[in-house]
Each structure stands twice: as structure tokens, then as C-alpha cells.
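Everything on this sheet refers to the single structure shown next.
The values are calculated or read from the model by the stated rules, or taken from the named source; none is laboratory data. For clarity, every value in this text was computed on a predicted model and none was experimentally measured. Using ideal geometry, Cβ is built from the backbone for each residue, glycine included, and neighbour counts are taken over all protein chains shown.
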Amino acid sequence: MMLIAAGWITALLLVGGVALDRALTNLVSNQFDEQLAISLNSMVLSAELDPFGEVRFNRILGDQRFLEPNSGFYWQIDGEGVPPYASRSLWDNLLEIREDARAYEPIFYNSSQFENEDLRIAQRTVALPGSDVEWQFVVAGSREDLDQQLADIRAILVWSFAVLGIGLFLMAMAQTWYGLGPLRRVRKAIARIRTTGTNRVTDPLPLEVQPMVDELNALLEHSEKQAEEARTHAGNLAHALKTPLTVLNNAASAGAPDLDRTVMREAAVMRRQVDHHLARARAVGRRAVGLSRASALDSAVAVERAVSRLYPDVRFDIDGKGEGEVAVERQDLDEMIGNLIENAAKYGGGSVFVTVDAEPDAETCAILVEDDGTGIPEAKRAEIFGRGARLDTEKPGTGLGLAIVRDVAVIYGGDVQLGESEDLGGLLVTLRLPRAAS
């Protein structure tokens, strides 16, 4: 930022300095030319012919420098066949008249005809009354004073623009340093989080960086939440595996005659627990990607085909629109719908009805799974989501189906609700999932 500022300041000052130098140079040069033009007009107004046909002045010119030898201001009048009539300041010199500058309007040009003295010359052609000769009136002035004025102006411009440029650059440096100050304070605050163990940036900061700090705090909160979830899941998995391992250890130590069946039963429980936590871990990882998209109807149809092979005596009906897409990974969506349909087929009375996108105008996509079983009393609906909770212990299972559905749905920002089916009279499970962005 500082280098860019320095480059722009230098470029703009150079352009401005050149433009101002040209303007001031033209102004001073024009003023000098105007002085020569005034003297030239005075010569023309004072000129007349004497009896011998030569030009003479009827009054003395007002500028005394024309009377001082080598004063730097000179005049001269030339005519064809007539000796030049020159000012006393020329002494024994004469001005060289340019033939290409003959015109009835004053023409200005530079000349170096005098050694060590550059001249600025104004030349004009004049026709005097009573004379057939075209006279060349010439006024010359030394460029020493003009060049000195221009040099002084350029020196002032260089020094003033240099001071201005340095001042602007220092101001840009100060502005950049001050403007980036809040970022340095944020860096120090983040360093304090790492060294002191705090979990938030609480330092008062300017409004310009506060949105970034808010996002940073939100990221820290999200990381804390994920870490806490990971610790909770690890603890839950350890607790879930502890009981089967204890049963296996006791059966093996006691030499139980049904050890093989005990091992198979407890191994199935442990495998189910591991599958449950792996499902949660996969859902968390896929949610972080944020680009998941799946068709709820396609998933429900695919799951129904698989479950119908396990329960050939159960009648399955699916209704819904194919436009209902949810922001969920297809594998996780299949697992949630599969658990719900399988539970309905297992615990229902032989009929399962699935409605996909039951509320098309809602912000979430609702998937309804109904059966014609005995349902779940309202007092028991809250505890059924507990891990291992089973109301019907006569049928095989681990009681983790609804728990898995709830946990995965919550990870994706959805939820699961239990109710009573008005049409079939059994359990109504409503799975709500966020819609995929259009």
C-alpha cells in the first residue's frame, strides 16, 4: 500500500509539476514579449522621415536602458538601401535581421547572435507615410533576466513539490499504519487466545473490523461445539461399549455354557453402537462441506424397495413430489428414511404410508412415515429417542434407530417429531430437513 501510494503521488506530482511549469513559463515569457511589444509600438509611433529619407524619432523613447551601452535592451531600424538606425545601447554592434520574420504583425524569436548574451527579439515590418521602403523595426532584450526568473520558478516548483510529495507520502504511511492498526490488535488478541487459553476476542475494536471479529468468535464457538460434541460422542461410545464388554468378561470368567450366544448377542450390540457413532461422524464431516443435495422422493423409493424384501407381507405406499430436494448427503438421507420405514414395517400392523414433501411451501422439507400399529403413548414419546430405548422388547433390535435419525437430522439442522397417524391410527414420525438451495 505504501509503495502504491508513493508511485501514485510521484506520478501525479510529476504531471502536475510539468503542467504548472509550462503554464508559468508561458506566463513569464508572454509578459516579457509584451514589454518588447510595447517598446516596439513606441518606436513605430515616434518614427518619422527626415529630409534625407531616413527614419528618425520625433521624441526620445522612455526606457533609459536604450541609452546605456550594452544594457541588454536594444532597438534597430533597417531599410533597404539605408544605413541601419540603432540605439546607443548597441554601441558598435548591430542586430541581425531575419528575413523570414518579415510581417506587419510583431514576430518574436530567440537569437544567440551576441557572444555570451542570448536575446529575445520582436520584429515588425512597417510602411511609413511618404516612403516606398519597407522598414524593419526590431527590439531586442537580453534573456538573462527572463531565464533567471524561469530558473527561480523551476527551483521553487521542485522544492515545493518535493516537500509536498514527502509530506503526502509520510501522510500515506501514517494513514496506512493507523488504518491497519485494528488488524494488529486483532492479531494480538488471537495470540492471547492461543497463549492464555481464552476462547473469545473481547477487546474493544473499531467498527470496521468488528464483523471480522464476530465471525472469528463464531468460528471459535463452532470449533468449541464440535470439540464438545466429539468428547460427548467418545464418552457415549465408551459407555455404550462398557456394558457389553462387562457382560462378555463376566460370562467368560464364569465359564457360562451359553458363551457363544452371549458373545454373538453382545457383539451385535457393540457393532450397532459403533455404526451409530460412525453415522454421526460421517454426517458431521459431510455437513462441513455445505454442498450436499439429495432428492427425498428418490431416497424414499430406493429405501422402500430394499425394506420390502425384508418384510414382504407389509404394504408400502409412497406419495410426494420429486421437486423436494434437501441439503443432506444421500447416504445419510437413506439411513434416516430407512430407519423410519424399517421401524414402521417392524412395529406396525402391516401398512406403511410415506409422504414426501408434505408441506411444499414450508422452509423445510417434511417427510411423514405412518403405520397402522399400536403407536406410542404421548408420555413415552420423549424417552423413545434415548439410546437403547425400546417399548417392544419381544422383537429383535437395539433401540438405536430413532436415536440415529434424531442425531443425524439435528446435525444437518433438522428435527424429528412423533405423533399419531389420523389415517392409519398408528405412529406418525415427521422428519424435517432443510431444503437445498435453488
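Listed values, structure above:
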| quantity | calculated |
| --- | --- |
| One residue from F73, F52 being exposed (fewer than 14 other Cβ atoms within 10 Å of the Cβ) and of a type in the set (F, W, Y) | F52 |
| Verdict on E335 being closer than 13 Å to L433 by Cβ, crowded, with 19+ Cβ neighbours inside 10 Å and touching a Ser or Thr at 6+ places or on another chain (Cβ under 8 Å) | no |
| Which listed residue is at pLDDT 90 or above and surrounded by 15 or more Cβ atoms within 10 Å (Cβ to Cβ), from V126, V133, V82 | V126 |
| From the options I77, I107, residue that is among the β-branched types (V, I, T) and in contact (Cβ under 8 Å) with a residue 24 or more places away in the chain | I77 |
| Yes/no for Y85 being without any contact (Cβ under 8 Å) to a residue 40 or more places away in the chain, farther than 26 Å from Q64 by Cβ and among the aromatic types (F, W, Y) | no |
| Of all residues in segment 144-188 being of a type in the set (K, R) and modelled with pLDDT under 90, the one that is surrounded by the most Cβ atoms within 10 Å (Cβ to Cβ) | R185 |
| Meets criteria (outside any strand (DSSP E or B) and more than 21 Å from E420 (Cβ to Cβ)) for E342 | no |
| Whichever residue in segment 155-203 is of a type outside the set (G, A, S), in contact with a helix residue (DSSP H, G or I) (Cβ under 7 Å, 6 or more places away or on another chain) and in a helix (DSSP H, G or I) and, among such residues, is nearest to K225 (Cα to Cα) | V186 |
| Output for segment 308-333, where each listed residue is among the aliphatic types (A, V, I, L, M) and either within 25 Å of A362 (Cα to Cα) or modelled with pLDDT of 90 or more (or both) | V314, I318, V326, A327, V328, L333 |
| Residue count, segment 25-47 (criterion: surrounded by fewer than 14 Cβ atoms within 10 Å (Cβ to Cβ) and acidic (D, E)) | 1 |
| Restricting segment 240-298 to residues that are within 22 Å of V405 (Cβ to Cβ) and among the hydroxyl-bearing types (S, T, Y), the residue that is modelled with the lowest pLDDT | S292 |
